[in-house]
Amino acid sequence: MPATPFDHVTFSHRRTVEWPTVALCGAVFGGWGALTYWHACLPLAVSIPAAAWVVAWHSSLQHEIVHGHPTAWRAVNRALGFVPLSLWIPFARYRAMHLAHHRDERLTDPLDDPETYYWTPDDWSALSPPIRLLVAAQATLLGRMAIGPAWCIGRYLAADFSAICAGDRALARVWLRHGVGCIAVLAWLWAVCGMAPWVYVALFVYPGTALLLVRSFAEHRAEDAVHHRTAIVERAPVLGLLFLYNNLHAAHHARPTLPWYRLPAWYAQNRDMLISRNGGLVYRGYAEIVRRYLLAPHDMPLHPTGRAPDGTASAAGAMRPAPGARAGGAAIHGAAVGAIAAPAAPER
């Protein structure tokens with residue numbers, strides 16, 4: 001694979017404290033606290049979109065923290081990331097799986113990429129017809145948002161607790177620590193805010209997860225050339241802020257340690273190179289994704305070659321027709337919720 005000017009660039013000039021991200025932490029946690037505390041005073045037409053936004057924004061913040069922000073002190077960063085507002089995935093698990101996802105040469109592989117939705121032929125053939133229908137429905141944006149949260153959360157929890165029952169003590173410790181955090185969140189909701197847990201799941205967790213799935217829906221597709229597997233969504237002033245500009249996903253994979261507030265400028269400076277590098281997999285905005293894929297499949301669940309190639313094929317030879325016409329969907333928030341929820345090494 002030919003090298004590019006930023007294949008081996010690392011983000012230097014790191015600040016001890018990145019104050020824009022610290023301010024973001026205040027906005028996320030303060031917004032969540034206000035919405036939960038005054039939830040009974042707000043009409044559902046206001047509370048549900050706001051709750052979805054703050055939970056999805058928190059997940060975007062956790063993604064930023066995984067990549068070493070907002071401070072130079074790992075313990076501080078991980079303490080900020082630990083707070084489990086979405087309840088269902090421990091930060092330590094998310095961190096381990098998302099960093100595995102950043103092995104770009106294995107992107108979209110049904111077994112090696114913890115965030116893929118692709119299936120191997122053997123695993124696909126083992127599914128019952130009703131389950132295949134559920135999986136296929138999630139190849140559309142509407143299906144991904146409506147069914148996806150239950151599918152993602154259910155499969156992830158089943159995989160982790162199956163591993164714990166099989167004797168994975170390290171994973172059990174991760175979940176024990178996560179459980180303490182969940183108890184603190186639920187105590188705030190129940191004792192202070194008077195909100196039942198099922199109401200929180202219905203108003204905050206499920207809509208927030210569905211909103212986050214909009215971002216991950218078009219992030220990756222199966223291709224021979226590694227850099228052709230990662231998309232770019234431009235012109236996203238509102239959802240770009242929600243996703244902390246991870247919609248510029250090819251730029252994020254090229255510079256994963258670049259802070260969110262510097263990513264748009266870096267993308268603008270390197271736009272031509274990035275688009276050439278990813279084979280032109282660019283969407284003009286999320287409106288285009290909605291228009292094309294709300295009811296039409298974004299890609300087929302079965303990986304086109306069974307497993308992801310090692311990426312050494314030439315970029316010209318790896319192009320498939322109509323860039324963006326067949327794109328694979330990444331899982332939300334780094335969870336192993338695609339074809340195989342394989343256990344990943346817990347954070348240490």
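See the values below:
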{"item": "Shape category assigned to region 1-148 from the gyration tensor of Cα positions, a/c cut at 1.5", "result": "oblate"}
{"item": "By average C-beta atoms within 10 angstrom, highest first, the peptides 60-70, 299-309", "result": "60-70, 299-309"}
{"item": "Fewest-first ranking of Met97, Met145, Met273, using other Cβ atoms within 10 Å as the exposure measure", "result": "Met273, Met145, Met97"}
{"item": "Residue-span extension gain [Ile275 to Leu294] - 0.36 nm each, minus C-alpha spacing", "result": "4.4 nm"}
{"item": "Region 68-139 versus region 177-208: alpha-carbon centroid distance in Å", "result": "23 Å"}
{"item": "Long-range HN-HN contacts of Tyr283 with modeled amide H, under 5 Å", "result": "Ile232, Val233, Glu234"}
{"item": "Which labelled figure in (1) 1.01; (2) 1.17; (3) 0.95 is Rg/Rh (Cα atoms, Kirkwood Rh), once derived from the coordinates", "result": "(3)"}
{"item": "Burial ordering of Ser276, Ser47, Ser216, fewest other beta-carbon atoms within 10 Å first", "result": "Ser276, Ser47, Ser216"}
{"item": "Coil-residue trypsin sites (Lys or Arg not before Pro) of region 18-121, DSSP, other Cβ within 10 Å capped at 13", "result": "Arg103"}
{"item": "Cys152, Cys41 arranged by Cβ crowding within 10 Å, fewest neighbours leading", "result": "Cys41, Cys152"}
{"item": "Estimated dipole of the chain in Debye, rounded to 20 [Cβ of Lys and Arg +1, of Asp and Glu -1, Cα centre]", "result": "500 debye"}
{"item": "Cα long-axis angle, helix 44-66 against the chain (0 to 90 degrees, to the nearest 10)", "result": "60 degrees"}
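Rule-based calculations on the coordinates, nothing more; no lab input. Note that the structure is predicted; figures quoted are calculated from it, not measured. Cβ coordinates were reconstructed from backbone atoms using ideal geometry, including for glycine residues, and neighbour counts include every protein chain displayed.
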